[in-house]
Structure formats: structure tokens, C-alpha cells
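Written below as C-alpha cells is the structure these notes are about.
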Amino acid sequence: MEEFLLQIIKVLKGKNITPVIYGSFGVSNYLGNFKIFEDIDILIDDDFVKNKWPEFKKLMEMNGFILIDVKEYEFEFGSKKVGFASKDILIRDQIINDYSELVKYKDTNAYTLTPKSFLRAYQFSLRDGYRIDTRGKKDQDVIDRLKAYIKS
């Protein structure tokens, strides 16, 4: 999945888009490969999932990505999936106070959250009805792992 992520980052860099690696793949930056990753969740500037969506969609498709879910802004490349969302959810949901709290993702042109911010994100997700029904136990496992990581 790491090579897939680097491919995505390279595509986005062509349009000066600096992504935020989110979700369980982002968490793996701290916890290692604690599960089999089904997809990569990436946050980008709000403008690209709203006003510039046609341009963003075209960029991805020109690079071999196939749109498979327009509601979730999800693309597929081979057997791998990537979903995009607006990074403003981080502020809206009070995961971070401002973008200066993001940290560099490895040696890439991307950012991610700190372990404490990921913990807040997963704790927030436990209040989401859809996630409670579909991911509750799995999200709680990530929360427990993050708490242990932060304590160590």
C-alpha cells in the first residue's frame, strides 16, 4: 500500500495538492501494519471536492484511476482503493485547532495527524451512527492501540 500511496502523492503534487493521510493507513504511521488495509483515506483542500471536483476527477482519471463512488469520492486503481474527503473536517469536528498541528508524513509531500489527534478522530467517530453500526468494535481496537502507543 505504501507504493500506492506514493503514486497518489505524485499525482496530487502535479496540481500542487498536499494531502493529509488519514484513517487507519495514517494511523499505521505510528502503529505499523496492524491490519490489512482495504483502502487509503486522504484529505485534501475543500475546494477540490466542491468547486474543482470536475478538474480533480479528470486529474485522477488521466492517471489511470477509476471513479467507483462519486458520493464518497472514491477511486480504484487496479485492486486498490483511495477515498478523498475535505480536510476541513479536521477543524469542523475539533480533531485539530488549526493545520499547523499536522505533521509531515514520512519523507513525502504529505501530512498526517499526530497520535493524539488520531485518537480524537477515532473517539469522535464513535459518536457517528453509521460508524457505530459498521465499525464500532474495530474503531475501539484502534483507540485502545493508540492509547497504548501514546502512553509508551
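Quick notes on this structure:
- Applying the criterion of at least 1 residues that are crowded, with 18+ Cβ neighbours inside 10 Å and over 12 Å from the mean Cα position of the chain (by Cα) to the strands (runs of 3 or more DSSP E) found wholly in the stretch 1-93 leaves 74-77, 80-86.
- Test result for Tyr99, touching a residue at least 12 places away in the same chain (Cβ under 8 Å), within 14 Å of the chain's Cα centre (by Cα) and either surrounded by 14 or more Cβ atoms within 10 Å (Cβ to Cβ) or within 30 Å of Lys151 (Cβ to Cβ) (or both): no
- Only one of Lys106, Lys116, Lys137 that is outside any strand (DSSP E or B), at pLDDT 95 or above and surrounded by fewer than 19 Cβ atoms within 10 Å (Cβ to Cβ): Lys116
Yes/no matrix, rows are residues, columns are (1) in contact (Cβ under 8 Å) with a residue 12 or more places away in the chain; (2) closer than 28 Å to Ile143 by Cβ; (3) not polar (S, T, N, Q):
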{"site": "Glu3", "(1), (2), (3)": "no, no, yes"}
{"site": "Ile8", "(1), (2), (3)": "yes, yes, yes"}
{"site": "Gly23", "(1), (2), (3)": "yes, yes, yes"}
{"site": "Ile40", "(1), (2), (3)": "yes, yes, yes"}
{"site": "Val49", "(1), (2), (3)": "yes, yes, yes"}
{"site": "Lys58", "(1), (2), (3)": "no, no, yes"}
{"site": "Val70", "(1), (2), (3)": "no, no, yes"}
{"site": "Gly83", "(1), (2), (3)": "yes, yes, yes"}
{"site": "Thr108", "(1), (2), (3)": "yes, yes, no"}
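The values are calculated or read from the model by the stated rules, or taken from the named source; none is laboratory data. The model shown is predicted, which means the values in this text are computed figures rather than measured ones. Backbone-built Cβ (ideal geometry, glycine too); neighbour counts: all protein chains shown.
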